[in-house]
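First the structure, in the form of structure tokens, and then the observations on it.
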Amino acid sequence: FDTPETFYHVYARGASKETIFRNTEDYKFFIKLFSRYLSKEPQESRLGPYPHLRGKVELLSFCLMNNHFHMLIYQNDKSYMAALMKCVMTSYSRYFNTKYGRTGPVFETRYKAAKIDDPSYFTHISRYIHLNPRYYKNYAYSSYRSIVDNDHEDWLQPERIMEEFNSVS
């Protein structure tokens, strides 16, 4: 489960299958967390620096649905996928519970991560993540459009996917 230099399909669902992204602001906050931990430049809060995980783990693609999310991650060094997921899920849970005046878990369980060690499974997952929403080509909360347009933030690193496919459309 914690192998360096390995691809993983990472996913999690809301507790009791409840909605975890209620509006645009929620989606945007979750996406902002990628920037917080994976940008080229380390990010800081008023309390000090956030963990800087770039180079240790790569986010290749993602899709956020109303009650779950999917990510394709490449882990360069052991334990850093777990560090990223802990940071993202804890930060989001704190945000969500504060915003909606609730307590308790936001996510059903800790995230799940399926190790990808077969090229055909890698190809399948790469497509599956982006095909999750019905109108995937114009879906605002996935990496599909930014990868196809080759216009993505520095925290998204789809190069390993692009190497696998000759065409992105």
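The values are calculated or read from the model by the stated rules, or taken from the named source; none is laboratory data. For clarity, every value in this text was computed on a predicted model and none was experimentally measured. Virtual Cβ from ideal backbone geometry, glycine too; neighbours counted across all protein chains shown. These accessible areas exclude ligands, DNA and RNA; they are computed on the full protein's heavy atoms, side chains included. Shrake-Rupley method; radii C 1.70, N 1.55, O 1.52, S 1.80 Å.
The figures follow:
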| read-out | value |
| --- | --- |
| Single unsatisfied condition, His130 versus (1) assigned to a loop (DSSP other than H, G, I, E, B); (2) in contact with a strand residue (DSSP E or B) (Cβ under 8 Å, 6 or more places away or on another chain); (3) of a type outside the set (Phe, Trp, Tyr) | (1) |
| Cβ-Cβ under 8 Å pairs, at least 6 apart or on other chains, the range 90-109 side free of Cβ contacts under 8 Å to residues at least 12 places away in the same chain, far side assigned to a loop (DSSP other than H, G, I, E, B) and exposed (fewer than 11 other Cβ atoms within 10 Å of the Cβ) | Asn97/Thr103; Asn97/Gly104 |
| Lone unmet requirement of (1) within 15 Å of the chain's Cα centre (by Cα); (2) open to solvent by 10 Å² or more (accessible area, probe 1.4 Å) for Asp26 | (2) |
| Pairs where the first residue, in the range 46-57, is under 14 Å from Lys78 (Cβ atoms) and the second is part of a strand (DSSP E or B), C-beta under 8 Å, 6+ apart | Lys56/Gln75; Val57/Ile73; Val57/Tyr74; Val57/Gln75 |
| Single condition Asp77 does not satisfy, out of (1) farther than 25 Å from Asn132 by Cβ; (2) of a type outside the set (Gly, Ala, Ser); (3) without any contact (Cβ under 8 Å) to a residue 60 or more places away in the chain | (3) |
| Pick from the range 78-89, criterion touching an Asp or Glu at 6+ places or on another chain (Cβ under 8 Å) and open to solvent by 20 Å² or more (accessible area, probe 1.4 Å), ranking: nearest to Tyr50 (Cα to Cα) | Ala82 |
| Pairs, first in contact (Cβ under 8 Å) with a residue 12 or more places away in the chain in the range 1-12, second surrounded by 13 or more Cβ atoms within 10 Å (Cβ to Cβ) and among the hydroxyl-bearing types (Ser, Thr, Tyr), C-beta under 7 Å, six or more apart | Phe7/Tyr74; Val10/Tyr111; Tyr11/Tyr111; Ala12/Tyr111 |
| Residue within the range 104-113 that is out of contact with any Gly (no Cβ under 9 Å at 6 or more places or on another chain), open to solvent by less than 30 Å² (accessible area, probe 1.4 Å) and more than 25 Å from Glu25 (Cα to Cα) present | yes |
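Residue-wise test of (1) crowded, with 17+ Cβ neighbours inside 10 Å; (2) under 20 Å from Pro158 (Cβ atoms); (3) of a type in the set (D, E, K, R).
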residue: Glu5; (1), (2), (3): no, yes, yes
residue: Phe21; (1), (2), (3): yes, no, no
residue: Val57; (1), (2), (3): yes, yes, no
residue: Phe69; (1), (2), (3): yes, yes, no
residue: Asn76; (1), (2), (3): no, yes, no
residue: Ser91; (1), (2), (3): yes, no, no
